[in-house]
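Below you'll find the structure, written out as structure tokens, and then a few comments.
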Amino acid sequence: GSSCPGLEWPEQEKAEQLARGAALKWASGIFYRPEQLARLGQYRSREVQRTCSLEARIKSVVQSYLEGVKTGVWQLAQALEAVRGAHEALGQAHGLLRDMAEAAQTLEPLREQVVQHKQLQALSQLLPRLRAVPAAVAHTQTLIDAQRLLEAYVSLRELEQLQEETCAPLGGLELPVFEGLGPLAEALGQAVEAAAGAAGQLARKDPALLVAAVRVAEVDAGRSTSLEQAPRDWRQRCLRALQQGLERVHFGTSLQPGPGALAKWLEALRVALPAELAMAEALVAPCCPPHYKVVQLWAHTLHDGLRRCLQQLLEGPELEEADTFTLLHWALHVYQGSVSLGQPEMMGSLELGPEADVSDLEPLLTLENIEQLEATFVAKVQAKVAQWLQKALDGEVVEWGREQEPDTDLSGFYHSPLPAIVLQVGEKWRDLGAALTGKGKEGRTRTPLMAAHPSSTSALCSFSNALIRFSRDHFGGEAVVPHYVPYLLATLNHQLALRRGWEEEIQRMHGGLCRGMLGLNCASSYVSELRSQPLFAALPSRRWLSSPELLDDVCERTARFCQNFRHVRNPAVQLLLVEAERTVVLQYLSALMQGRLVCRGADERTQAAERLQHDAAQLRELFLGLGLEESVQCVPVLLALKELLNLRDPTLLGLEVAGLRQQFPDVSEDHVSALLDLRGDVSREQRLAALSSLRAGPQPSPPAGHRALFSLVPTPAPSVASCFPSGSCA
């Protein structure tokens with residue numbers, strides 16, 4: 001049963017049922033066997049004790065729980081009383097606050113009256129000074145107009161201090177009487193800027209005004225104000241005005257040079273800019289604080305202004321040739337200075353103080369500007385040089401058709417004004433080149449001489465081509481030239497004069513593009529007269545074997561042909577003699593290769609060898625007598641052929657042919673075959689063996705100074721005898 005019948009737990013019935021079921025299960029298990037029933041009393045007493053113990057513990061727990069609930073209920077009652085008291089107190093405070101707000105609203109007009117009273121009191125105290133503000137503003141403006149800047153600044157600061165004193169008690173209220181202070185301060189700032197912009201002029205005539213302007217700017221830089229105003233920054237405005245005024249004096253729009261006036265303008269700057277720096281150090285710097293660095297500021301301002309002015313000039317219409325050269329020379333050598341030309345740096349040539357450091361100035365012209373100017377100048381120079389040279393060369397070509405011989409000098413040498421004209425042009429551009437790069441100094445830009453070289457080279461090549469056409473027309477009969485040979489020799493003298501002068505420079509610059517080209521063409525054209533004469537029509541023949549007089553006629557005709565060389569200067573004479581001797585030897589070799597003679601035996605081969613040796617000696621003596629050095633003669637080739645003919649054992653021909661190939665790498669199988677045909681005793685096997693020696697081993701290199709011989713000698717078609725399987729070719 002329950003000790004509290006009025007209190008029912010929701011799950012009490014279920015708990016009792018579970019407890020009863022568990023008890024029945026336990027009892028049925030314990031008392032299932034009869035012998036265990038004897039112990040029933042013991043079980044009952046033990047369960048009674050356990051039940052009593054559990055009931056006692058349950059009562060204790062329930063009692064403790066009830067006591068805690070009682071305490072909590074009491075505390076809740078106390079808290080409720082406290083909340084009720086606080087609610088009543090808050091209601092009373094809210095009522096008091098509502099009463100105070102109503103009272104404060106009734107006091108608001110009084111508060112406004114107090115503020116107005118304080119403002120009126122402050123205004124009444126400042127009223128005499130406020131009445132004087134309009135007059136003070138007008139007086140300050142008068143001081144500004146009279147350029148009494150320090151007095152004007154003092155007056156302005158007094159007015160601004162009065163404005164600050166008035167603004168504080170008025171709670172930041174701006175009075176209309178102070179509306180003119182802003183324009184007044186701006187007028188004073190403009191006056192300071194104007195004075196700084198005319199610093200150079202003022203430093204000479206009225207330094208006190210310049211000092212006053214700078215002092216105003218410096219003093220104002222340290223002022224502080226309680227008003228919310230933007231800083232005036234008069235110091236920076238003063239520095240900018242110094243720079244702008246300096247640029248306006250020297251680089252104003254009205255001072256920009258027009259076409260053709262660049263040289264005069266640059267010369268004026270060359271005098272004016274160093275003088276301006278010297279004036280800045282002597283007169284302007286003492287009027288300014290040290291941190292202004294007046295001389296350095298002057299140098300950088302002048303340099304930057306000049307750079308911008310030149311950039312605008314380059315961006316405009318293309319400069320003329322003279323202006324382009326003037327600007328390049330002035331920028332690279334006058335402005336920067338040139339040790340080789342004895343010119344100091346323009347901006348650093350004065351004895352200025354240590355602050356006048358101009359070493360960090362940027363280049364006056366950028367590399368792109370210099371290249372642009374160079375390209376313009378080079379193009380114009382090339383066009384003008386080409387025009388001058390072509391006109392002179394055209395006039396020379398016209399002279400070739402005259403009815404009289406060329407003029408001669410006191411020594412009897414042919415000459416004309418052409419070399420003097422060409423060299424005069426070269427000298428002019430060399431002088432310009434020296435002006436740009438300096439003497440003995442590797443130029444940082446291409447010189448005008450280098451610009452003239454392509455034009456001169458083209459003109460000389462054109463002249464050489466005209467000479468070739470002149471010779472071709474003469475020999476082709478298309479033109480009748482009364483004095484063809486004298487004018488060729490005169491041209492050869494021209495080549496000599498040019499090589500001694502300007503053409504040597506061209507050879508260095510262009511790797512010998514025109515080196516000797518004109519002279520070789522002249523000599524070749526002149527010797528064409530000799531080539532057109534059949535000197536060796538009777539060679540080789542059996543009459544030639546037995547008659548040494550056949551070569552006398554050749555020597556006489558050759559000597560007569562060379563008589564005109566007396567009108568040619570050395571070393572052009574040597575060039576003519578070389579070509580003449582070479583032409584004679586080539587005709588001699590061509591005659592040998594024609595197969596007109598086949599030796600019938602050893603005696604004829606010996607005679608042929610002796611004739612070759614005799615002819616070589618006679619030709620050598622001829623040209624030695626004419627003045628040709630033996631070291632440059634081609635006659636020794638006849639002695640080499642003489643050894644080939646004089647060889648008695650045909651089986652050794654391979655060695656002799658190999659030696660011939662070493663001396664004359666351009667000898668071919670056709671040439672060797674023609675010589676073997678001349679011998680008349682070479683079998684097919686021996687021929688093949690000799691020819692195989694030409695193909696054995698690598699191609700030998702030609703000796704130094706060697707000129708081709710055999711490659712210019714034509715050969716006839718192979719003879720039928722060379723196709724025989726064996727036997728003599730006689």
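Using 7 Å Cα-to-Cβ label points, what is the residue 67/residue 206 separation (nm, one decimal)?
Distance between the two pseudo-spin positions: 11.0 nm.
Report residue 384's accessible area, 1.4 Å probe, all protein chains in place, as a number in Å² to the nearest 10.
Rounded to the nearest 10, that gives 70 Å².
Considering every Cα-Cα pair within the stretch 1-105, what fraction, in whole percent, is farther apart than 22 Å?
For the stretch 1-105, the share of Cα pairs beyond 22 Å comes to 65 percent.
Show me the ranking of peptides 88-99, 143-154 by mean Cβ neighbours inside 10 Å, starting with the highest. Please report the intermediate quantities before stating the final value.
On the way: 88-99: 9.5, 143-154: 18.1.
Result, highest mean Cβ count within 10 Å first: 143-154, 88-99.
With the alpha-carbon atoms as the only input, what is the per residue convex hull volume for the stretch 238-336 in Å³? Write down the numbers at each step before the final one.
Details: hull volume 9.5 nm³, N = 99.
So the per-residue hull volume is 96 Å³.
If you add up the charges near residue 74, with Lys and Arg at +1 and Asp and Glu at -1, over every other residue whose beta carbon is less than 13 angstrom from its beta carbon, what do you get? Could you put the intermediate results ahead of the total?
Values: positive: 70; negative: 67, 81.
Net of charged neighbours comes to -1.
Suppose R0 equals 25 Å. What FRET efficiency, 1/(1 + (r/R0)^6) with r the Cβ-Cβ distance, do residue 237 and residue 129 give to the nearest 0.05? Mind dumping the intermediate values first?
On the way: r = 30 Å, r/R0 = 1.21.
E between residue 237 and residue 129, to the nearest 0.05, is 0.25.
Extending each Cα 7 Å along its Cβ direction at residue 11 and residue 321, get the distance between those two points in nm, one decimal.
12.2
Specify whether the C-alpha gyration tensor of the stretch 202-282 places it in the rounded, prolate or oblate class, a ≥ b ≥ c being the square roots of the eigenvalues: rounded for a/c under 1.5, otherwise prolate if a/b is larger than b/c and oblate if not.
Details: a/c = 4.30, a/b = 2.20, b/c = 1.96.
Prolate is the answer for the stretch 202-282, as a/c is 1.5 or above and a/b outweighs b/c.
Would you kindly work out the equivalent ellipsoid of the stretch 160-306 from its C-alpha gyration tensor and give its semi-axes, the square roots of five times the eigenvalues, largest first in whole Å? Kindly include the intermediate steps, with their values, before the conclusion.
On the way: eigenvalues 311, 52, 26 Å².
In descending order, the three semi-axes are 39, 16, 11 Å.
Provide the FRET efficiency to the nearest 0.05 for the residue 218-residue 282 pair, computing r from the beta carbons and using R0 = 25 Å. Mind showing how you got there, number by number?
On the way: r = 22 Å, r/R0 = 0.86.
Using R0 = 25 Å, I get an efficiency of 0.70.
Please work out how much length the chain gains when fully extended from residue 666 to residue 52, using 0.36 nm per residue of separation minus the C-alpha to C-alpha distance, in nm with one decimal. The partial results should precede the final answer.
Details: separation 614, 0.36 × 614 = 221.04 nm, distance 14.70 nm.
Length difference between fully extended and current span is 206.3 nm.
What's the extension gain from residue 407 to residue 36 if we count 0.36 nm per residue and subtract their Cα-Cα distance?
Values: separation 371, 0.36 × 371 = 133.56 nm, distance 17.36 nm.
116.2 nm is the gain from fully extending residue 407 to residue 36.
Note the full-extension length gain between residue 648 and residue 688 as 0.36 nm times their separation in residues minus their Cα-Cα distance, in nm to one decimal.
Numbers: separation 40, 0.36 × 40 = 14.40 nm, distance 1.77 nm.
Gain on stretching residue 648 to residue 688: 12.6 nm.
What is the percent of Cα-Cα separations in the stretch 276-323 that go past 17 Å?
Working: 561 of 1128 pairs.
Percentage above 17 Å: 50.
Taking a 1.4 Å probe, which of 673, 411 shows the most accessible area, and what order do the others take after it?
Values: 673 25, 411 80 Å².
Reading off the accessible areas and sorting them downward yields 411, 673.
May I ask for the equivalent-ellipsoid semi-axes of the stretch 573-716, computed as the square root of five times each C-alpha gyration tensor eigenvalue and listed largest first in whole Å? Write out the running numbers ahead of the final one.
Details: eigenvalues 134, 66, 31 Å².
Each semi-axis is √(5λ); the values are 26, 18, 12 Å.
Let's test the formula: R0 of 56 Å, r as the Cβ-Cβ distance of residue 371 and residue 556. What FRET efficiency results, to the nearest 0.05?
The calculated FRET efficiency here is 0.30.
Please compute the modelled spin-label separation between residue 658 and residue 165, points set 7 Å along Cα→Cβ, answer in nm with one decimal.
Label at residue 165, label at residue 658, 12.6 nm between them.
Taking a ≥ b ≥ c as the square roots of the Cα gyration tensor eigenvalues, with a/c under 1.5 meaning rounded and otherwise prolate when a/b beats b/c, else oblate, which class fits the stretch 544-595?
Working: a/c = 4.18, a/b = 1.84, b/c = 2.27.
Oblate, because a/c is 1.5 or more while a/b does not exceed b/c.
Which order do the peptides 565-574, 190-199, 76-85, 309-318 come out in when sorted by mean C-beta neighbours inside 10 angstrom, highest first? Write down the numbers at each step before the final one.
Working: 565-574: 17.6, 190-199: 21.7, 76-85: 9.5, 309-318: 13.2.
With the highest mean Cβ count within 10 Å placed first, the list reads 190-199, 565-574, 309-318, 76-85.
Quick one: how many Å² of residue 598 are accessible to a 1.4 Å probe, rounded to 10?
Roll a 1.4 Å probe over it and residue 598 shows about 50 Å².
Let me know the whole percent of all Cα-Cα pairs from the stretch 589-654 that are separated by more than 16 Å.
Numbers: 1128 of 2145 pairs.
Summing the P(r) tail past 16 Å for the stretch 589-654 gives 53 percent.
How many angstrom lie between the C-alpha centres of the stretch 563-639 and the stretch 258-287?
Value for the Cα centre distance between the two parts: 76 Å.
May I ask you to evaluate 6.51 cos²θ - 1.76 cosθ + 1.60, the Karplus curve with θ = phi - 60°, for each residue of the stretch 21-36 and list the ³J(HN,Hα) values in order in whole Hz, giving x for glycine and proline?
Going residue by residue, I get x, 5, 5, 5, 5, 5, 5, 5, x, 6, 9, 6, 9, x, 5, 8 Hz, with x marking Gly and Pro.
The values are calculated or read from the model by the stated rules, or taken from the named source; none is laboratory data. Quick caveat: nothing in here was measured; it's all calculated off a predicted structure. Note that we place each Cβ from the backbone using ideal geometry, even for glycine, and neighbour counts take in every protein chain shown. Note: areas computed on protein heavy atoms with side chains; ligands, DNA, RNA excluded. Shrake-Rupley method; radii C 1.70, N 1.55, O 1.52, S 1.80 Å.
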